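Data block below; observations after.
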C-alpha cells in the first residue's frame, strides 16, 4: 500500500514536471532573435515593421499649413528619425522653394488631389558681378526676393550645370546670401540675372527617397525658364535609387522630370504633360534607369530625352505623344538600353531619333522591340526611326511603324532612315507602312537578315 502511494506520487510529479517543460518550450514570448533576423547594412539594428509617419495637410493633420514650409518641416522631421513616410493630404500647396527630399523618406500624396503649385517668379538683373564661388548676390530690383525663397542665378554664358540654384538665407537691402556657391562667374556685362525659379521637388545627394501620387503644377505662364540640368518639376541630382511613382508634372517652364548623375532611378506610372521643354530627361551618367508605364504628352520638345551616358536602362510600355520635337531622342554614349513596348505617335518630328555622334560617343547596342511608331511628323516629312552618326549594333525587332493618316496629311513617309556613317544594324520582324520602307544611305549596303516587310495592303 505504501509502495503504491509512493509510485502514484512519483507519477503525478513526473507528469507535472513534463507538462511544465512542455509549456516552457512552447511559450511564444521568447525574445531571442529568430534565425532570419539580421541587422540592416548601414545600421546596428534589424528591420522594423513600424516606421515613423507624419501627416501634413491644410486641415485635419498633425502638421497644418499650405506652403512648402510645412512640407519641408515634415520631411526633415522624418529624416531626423532615420526615414519613414510623410503623408500629404489633399489641397494646393504654394511653393516658394523646392520641397527638398531626404534619404529614406517617402512623400506620399492623395492621388490627383495633392497639388504642389510653383509660386509666381520674380526676376532682376544683377547690380554687381556674381563671382564663381561667391555666396551672395546683389540685384537691381529686390521685389519678390525674400529669405527662405528658392533662387536661380545665370548669365548668357552660364547655362546647363553652370546655372546656380540655391536658397536665400539672409538679406541686406538689395544683397542676398545664398546657401550654395555660385557655379560660374555671372557677369553684369553678360546680362546676369537672378530669378525665384527652382524645381518644385528636388533631391540632392540622397539615397532611396520616394515620391508617390503628387501633382506638380509648374505655373509656367508666371515663371521664367529653368534648364533641365538644374531644374524640372521634379529634379534629382545624385539621388541614387529614388522612386517616382504615380506623379503628374504639368505646365513647368522647363522639363517635367529630370534626373542627373543618379543611378537606379525608377519612374513608374507618371504623367508629364504641357511642360515647356522635355517630358522625361535622364542624363549625365544616370545608369540603370527604369521608366515604365509613363505618359509624356504635349511637351515643348522631346517626350523622352536620353542625355549623356544613359546606359543599361529599361524604357517600357510608355506613351510618348504630341511632343514638339521627337518622341524619343538618344545619343551621346547612351548604350545598351532596352526600348520596349512603347507607343510613339503624333510627335512633330521623327518618332525615335538617334543623334549624330562619332564612333566613341555614339549610342551603340540599343534594342528597340515591339514599339508602335505612328503618325509622326507635323509640317515636314519625317522618319519613324532615324539613325544618325557612327552608331553600331542596334537591334530593331518586331516594331510596327506606320502612318494611318490620309493623303497629304501623311508626314511619316520613311519607315527607317539609316544615314551614311551608321554601322551594323539588325532588322527583324518589323512591320512598316510608309512611302519608303527603309532609306538606307550607307555605301556599300550592309545585308539585313531577315528582311523587313510591308504590312498587308501596302
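Just so it is clear, none of the values below were taken in a lab; they were calculated from the coordinates. Everything numeric here is computed off the predicted structure, so don't read it as measured data. Cβ placement follows ideal geometry from the backbone for every residue including glycine, while neighbour counts extend to all protein chains displayed.
Things to note:
- Once the Cα atoms are used to define both axes, helix 2-25 deviates from the longest principal axis of the chain by about 20 degrees.
- Segments 102-112, 314-324, 169-179 sorted - mean Cβ within 10 Å per residue, highest first: 314-324, 102-112, 169-179
- Alpha-carbon radius of gyration plus Dmax, which is the widest Cα pair, for segment 123-195 in Å: 10.5, 29
- All Cα pairs of segment 212-339, percent lying beyond 21 Å: 27 percent
- Beta bridges per DSSP, both residues in the chain: antiparallel share near 15 percent.
- Ratio Rg/Rh [Cα only; Rh per Kirkwood] for segment 206-248: 1.01
- Across segment 54-178, the mean sequence separation of Cα contacts (distance under 8 Å, 6 or more residues apart), normalised by length, yields a relative contact order of 18 percent.
- Per the Cα gyration tensor, segment 271-336 maps to an equivalent ellipsoid with semi-axes of 19, 13, 9 Å, ordered largest to smallest.
- Linear extension gain, residue 140 paired with residue 81, 0.36 nm per residue minus alpha-carbon span: 17.0 nm
- Working from Cα pairs under 8 Å separated by at least six residues, relative contact order for segment 167-315 is 17 percent.
- The chain, relative contact order in percent, only Cα pairs under 8 angstrom and at least six apart counted: 7 percent
- Over segment 149-263, the fraction of Cα-Cα pairs per 10 Å bin, rounded to whole percents and listed from the shortest bin up, is 14, 42, 34, 9, 1.
- Mean-position separation - Cα centroids, segment 196-226 and segment 375-407, in angstrom: 33 Å
- Counting all C-alpha pairs of segment 199-454, share separated by more than 27 Å (%): 32 percent
- If a spin label sat at a point 7 angstrom from the Cα of residue 442 along the line to its beta carbon, the backbone N atoms of segment 392-416 nearer than 13 Å would be those of 392-396.
- Where only DSSP H runs of four or more residues are counted, the chain gives -2500 deg cm²/dmol as its mean residue ellipticity at 222 nm, each run worth -39500 (n - 2.57).
- Helix 68-80 axis, angle to the chain major axis (alpha carbon atoms, nearest 10°): 50 degrees
- For the chain, the Kirkwood hydrodynamic radius from C-alpha pairs, put into Stokes-Einstein at 10 °C and a viscosity of 1.306 mPa s, yields a diffusion coefficient of 64 µm² per second.
- Whole-angstrom gap from segment 106-128 to segment 45-67, using each part's C-alpha centre: 21 Å
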